[in-house]
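Everything below concerns the one structure shown next.
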Amino acid sequence: MNQTNLNVTRLSSQLHSMYRVRAFEQRAVEALQSGDVPGPLHPSIGQEACAVAIVGSVERDDILLSTHRGHGHTLVKGADPEAMMRELLGKAGGCCGGKGGSMHIADFDVGMLGANGVVGANLLIAAGAAHALDLLGESRIVLNIFGDGAINRGPFLEALNWAQIYKLPVLFVCEDNRFAATTRSATTTAGDGPVARAEALGIPAEQADGNDLLALEETAARLVGEVRGGQGPRLLHAVTYRLTGHTAADAAPYRDAAEVDAKWRDDPIARTRTLLGGAGVSEAELDSLAARADAEMSAALTAARAAGYPPVSEAFSDVQDLDAAMTAPGGSSV
């Protein structure tokens with residue numbers, strides 16, 4: 001790319017956004033290791049460009065559905081990092097009342113309908129949400145992000161088929177970090193992958209470099225425009241790389257250390273720093289973006305640690321009373 005054509009101000013802001021995502025997860029991992037997070041944690045370190053470029057291409061009131069690895073998506077959508085950190089720690093003031101934890105973060109105020117701990121389950125929810133928007137005649141769209149492991153599950157075909165039949169306003173994004181948990185997804189995926197499968201249903205689909213922030217943003221913005229313009233669903237296959245293990249407790253011994261080291265040197269943050277450095281931004285300025293992000297997320301963790309736990313009386317406040325539902329007018333006695 002011709003560095004003289006770079007929008008340095010905008011790209012610096014996007015780099016800061018990637019640093020915010022990384023800093024949030026680094027502090028979250030710290031909290032897990034200290035025993036403050038009561039459950040598993042799935043970092044997306046190395047995948048920050050997908051969050052910034054793709055989620056950054058939709059509007060605040062558009063609907064987002066994410067995976068169990070959804071911290072970055074939620075943060076870029078506009079959720080408050082302290083509320084997110086409280087949620088991870090199970091504290092009062094968490095964005096789901098401290099009841100959802102890392103894999104089920106949601107924030108309806110920013111259009112984040114929820115992360116999902118069940119691989120592929122969010123695809124069907126996304127199709128349903130998009131159908132609802134279509135029936136209501138709204139201009140909003142749905143952004144559905146799922147992992148490479150999800151394309152081998154039934155909901156992938158079901159959701160894409162439904163979306164294509166009804167020409168629903170949904171952008172399906174396969175955020176492919178090359179591993180389905182601890183298995184290289186390429187060894188368990190037949191055929192030519194998500195693009196070929198989407199095209200077989202008549203859905204226009206494209207593959208993009210998930211570590212190239214600018215190219216990824218250009219592709220995502222174009223596809224978002226087509227979906228918003230009423231042209232039906234689209235699929236984006238963003239190929240990236242997970243720099244950590246499947247969970248924060250996974251040392252990932254199934255990967256070669258040299259491979260991971262090479263990927264660290266070519267991750268989206270490193271690439272973007274190189275672009276900005278070539279455009280004349282100093283190392284000190286670039287480092288300050290990282291420092292600001294780290295200070296913000298460290299403060300969020302400190303506040304979350306100081307917060308109290310929800311009262312026991314709140315334990316069932318969001319749980320449906322099955323007996324009451326069965327005996328209510330219109331309920332079923334079955």
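Brief remarks follow.
Here is a yes/no grid of residues against (1) under 28 Å from V8 (Cβ atoms); (2) at pLDDT below 95; (3) out of contact with any Ser or Thr (no Cβ under 6 Å at 6 or more places or on another chain):
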{"position": "L286", "(1), (2), (3)": "yes, no, yes"}
{"position": "G308", "(1), (2), (3)": "no, no, yes"}
{"position": "P311", "(1), (2), (3)": "no, yes, yes"}
{"position": "E314", "(1), (2), (3)": "no, yes, yes"}
{"position": "D323", "(1), (2), (3)": "no, yes, yes"}
{"position": "T327", "(1), (2), (3)": "no, yes, yes"}
{"position": "G331", "(1), (2), (3)": "no, yes, yes"}
{"position": "V334", "(1), (2), (3)": "no, yes, yes"}
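- Test: residue in segment 133-145 that is part of a loop (DSSP other than H, G, I, E, B), closer than 22 Å to T74 by Cα and in contact with an Asp or Glu (Cβ under 6 Å, 6 or more places away or on another chain): yes
Conditions (1) part of a strand (DSSP E or B); (2) open to solvent by 10 Å² or more (accessible area, probe 1.4 Å), marked per residue:
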position	(1), (2)
A150	no, no
E158	no, yes
A163	no, no
K167	no, yes
E175	yes, yes
G191	no, yes
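- Residues in segment 177-189 that are out of contact with any Phe, Trp or Tyr (no Cβ under 7 Å at 6 or more places or on another chain) and open to solvent by 70 Å² or more (accessible area, probe 1.4 Å): R184, A186, T187, T188.
- Among the conditions (1) of a type in the set (A, V, I, L, M); (2) touching a residue at least 40 places away in the same chain (Cβ under 8 Å); (3) under 26 Å from S13 (Cα atoms); (4) in contact with a helix residue (DSSP H, G or I) (Cβ under 8 Å, 6 or more places away or on another chain), I203 misses just one, which is (3).
- Single residue of segment 277-302 satisfying the filter (among the charged types (D, E, K, R) and in contact with a helix residue (DSSP H, G or I) (Cβ under 9 Å, 6 or more places away or on another chain)) that is nearest to R27 (Cα to Cα): D294
- Checked against (1) over 28 Å from L41 (Cβ atoms); (2) in contact with a Cys (Cβ under 6 Å, 6 or more places away or on another chain); (3) among the charged types (D, E, K, R), E218 passes all but a single condition, namely (2).
- The conditions of being more than 27 Å from A180 (Cβ to Cβ), buried (at least 23 other Cβ atoms within 10 Å of the Cβ) and out of contact with any Asp or Glu (no Cβ under 6 Å at 6 or more places or on another chain) are not met by L65.
- Residue satisfying all of: in segment 256-268; without any contact (Cβ under 8 Å) to a residue 60 or more places away in the chain and assigned to a loop (DSSP other than H, G, I, E, B); surrounded by the fewest Cβ atoms within 10 Å (Cβ to Cβ) among these: D256
- Restricting the first member to segment 269-281 and to residues that are under 11 Å from L15 (Cβ atoms), and the second to residues that are open to solvent by 40 Å² or more (accessible area, probe 1.4 Å) and at pLDDT below 95, the beta-carbon pairs closer than 7 Å and six or more apart or on different chains are L275/Q3.
- The listed residues are A106, A150, A79, and the only one of them that is in contact with a Gly (Cβ under 7 Å, 6 or more places away or on another chain), among the aliphatic types (A, V, I, L, M) and within 29 Å of H16 (Cα to Cα) turns out to be A106.
- Test: residue in segment 83-102 that is free of Cβ contacts under 8 Å to residues at least 60 places away in the same chain and under 27 Å from K167 (Cβ atoms): no
- Among residues that are in contact with a strand residue (DSSP E or B) (Cβ under 9 Å, 6 or more places away or on another chain), at negative phi, acidic (D, E) and surrounded by 13 or more Cβ atoms within 10 Å (Cβ to Cβ), E217 is not included.
Conditions (1) open to solvent by less than 20 Å² (accessible area, probe 1.4 Å); (2) of a type in the set (D, E, K, R); (3) out of contact with any Ser or Thr (no Cβ under 9 Å at 6 or more places or on another chain); (4) within 30 Å of V227 (Cα to Cα), marked per residue:
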position: V29; (1), (2), (3), (4): no, no, no, no
position: C50; (1), (2), (3), (4): yes, no, no, yes
position: L88; (1), (2), (3), (4): yes, no, no, no
position: G94; (1), (2), (3), (4): yes, no, yes, no
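The values are calculated or read from the model by the stated rules, or taken from the named source; none is laboratory data. All figures in this text were calculated on a predicted structure; none of them were measured in a lab. Heads up, the Cβs are rebuilt from the backbone with ideal geometry, glycines too, and the neighbour counts pull from every protein chain shown. For the accessible areas, the whole protein counts, side chains as well, though only heavy atoms, and no ligand, DNA or RNA atoms are used. Shrake-Rupley method; radii C 1.70, N 1.55, O 1.52, S 1.80 Å.
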